[in-house]
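The values are calculated or read from the model by the stated rules, or taken from the named source; none is laboratory data. Keep in mind the model is a prediction, meaning the values are calculated, not measured. Every residue, glycine among them, receives a Cβ derived from its backbone with ideal geometry; neighbour counts consider all protein chains shown.
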Amino acid sequence: MSSHDESTGPEGYDQPAVEAWISAHVESLSPPLTWTRLEGGHSNLTYRIEDQAGRQAVIRRPPQGQLLPKAHDMSREWALISALGSTPVPVPGAIAFCESPDVTGAWFYVMGLIDGRPLYSAQDTLSWVPEENRKRLAFSFFDVLADLHDVDPDEVGLGDLGKRDSYVGRQLRTWYRSWTASMEPAKYDDPRAHDIQKYLLEHLPEQEPAKVVHGDYGLHNVLVGPDSTIAAVVDWEISTLGDPLADLAYALNIWPEEPVREADTEGTATSVPGFPVQAELAKRYAERTGRDLSHIDYYVGFNRWKSAAILHGVYARYVEGKKSSEGIDLDEMRERISRSLEMAEEALDRL
């Protein structure tokens, strides 16, 4: 939780100005509003707002301070929930978007409130999803991804969301630049990072037609409804056009490879009994989409390698002192980088 004192009003919002804007642009709400901070959502400032009649919605803006150009992209999120509202992909209702920074210093948007919650940890799953419903949740999760990858971007007005060529090839170059730039500040290199990148570039598969990819599709970025199915997909800020199989391989990462016998109560959202294993979930996706998954391990290897490169960049910033490493176990972080590269090799060996 941020240290912001909520008694002075919601962080990042000029409450009177925003409520006046809502009064003028949102028919479904009549200010004054009650504001309640919602957790999660990549540090974007997200609140539930409720009027005197009990009608509710959600409002979201980027965090305060200097931002990376593409991070926390509200217009991208707004474009996606607006466009996908007419498809089978469940998203919050798109209510209103303000692209005048004059109101509260940043773009913001208002969307429908969904009855559901993200799952960050084993405890979240244990408290919200009964064991007999966990298979239903897993199947719903992959059915929604299949529905997303079935959307024709041009038909829903998302044809300009990103470049259509070589999604994986571009990422291999981007994250390799990140790895090489981080070697000196991190005082750490691993020859496998170079060998795997070379192998992946040399064996780049033909990309099928570009589809809308979420980019960070996991149980932390969906809202699981009371019936244990996916009520909405959220956090679309890094979504683009790309290779659906790379999106699928990333989504498969979090699910167990072998059945879980007893809950790891300190663990991830899927480290509890009752979930199907990766192979069964990949099969379900393949049946839903008709896609050939015979090379899925290429994409699994790519995702593991990319995770290592991302972690390596974060590790370098800690070692350099650009981020406070208080409470961070740097040895454990190095171990995770190494383990990610090892898992990339294991996946590519299966090919």
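Listed values, structure above:
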item: Residue in the range 115-130 that is of a type in the set (Phe, Trp, Tyr), buried (at least 20 other Cβ atoms within 10 Å of the Cβ) and either touching a residue at least 40 places away in the same chain (Cβ under 8 Å) or assigned to a loop (DSSP other than H, G, I, E, B) (or both) present; result: no
item: Entirely in the range 245-351, the helices (runs of 4 or more DSSP H) that have 1 or more residues that are loosely packed, with under 14 Cβ neighbours inside 10 Å and at pLDDT 95 or above; result: 278-289, 330-350
item: Any hit, the range 185-193, residues being in contact (Cβ under 8 Å) with a residue 60 or more places away in the chain and closer than 30 Å to MET74 by Cβ; result: no
item: Test: residue in the range 146-167 that is touching a Ser or Thr at 6+ places or on another chain (Cβ under 9 Å), closer than 14 Å to TYR217 by Cβ, of a type in the set (Ser, Thr, Tyr) and not in a loop (DSSP other than H, G, I, E, B); result: no
item: Boolean, ARG134 is under 20 Å from the mean Cα position of the chain (by Cα), basic (Lys, Arg) and over 30 Å from TYR13 (Cα atoms); result: no
item: Residues (among the β-branched types (Val, Ile, Thr) and assigned to a loop (DSSP other than H, G, I, E, B)) located in the range 73-114; result: THR87, VAL89, VAL91, VAL103, THR104, ILE114
item: Complete set of residues in the range 302-351 that are of a type in the set (Gly, Ala, Ser) and at negative phi; result: SER307, ALA308, ALA309, GLY313, ALA316, SER324, SER325, SER338, SER340, ALA344, ALA347
item: Criterion (touching a Lys or Arg at 6+ places or on another chain (Cβ under 8 Å) and not polar (S, T, N, Q)) met by exactly one of LYS211, LYS163, LYS198; result: LYS163
item: Matching residues in the range 145-157 - criterion: being in contact (Cβ under 8 Å) with a residue 40 or more places away in the chain and either of a type in the set (Phe, Trp, Tyr) or within 17 Å of ASP247 (Cα to Cα) (or both); result: LEU145, ALA146, ASP147, LEU148, HIS149, ASP150, VAL151, PRO153
item: Residue count, the range 96-113 (criterion: among the β-branched types (Val, Ile, Thr) and buried (at least 20 other Cβ atoms within 10 Å of the Cβ)); result: 2
item: Residue count for the range 45-71, restricted to those that are modelled with pLDDT of 85 or more, on the phi < 0 side of the Ramachandran plot, assigned to a loop (DSSP other than H, G, I, E, B) and not aliphatic (A, V, I, L, M); result: 4
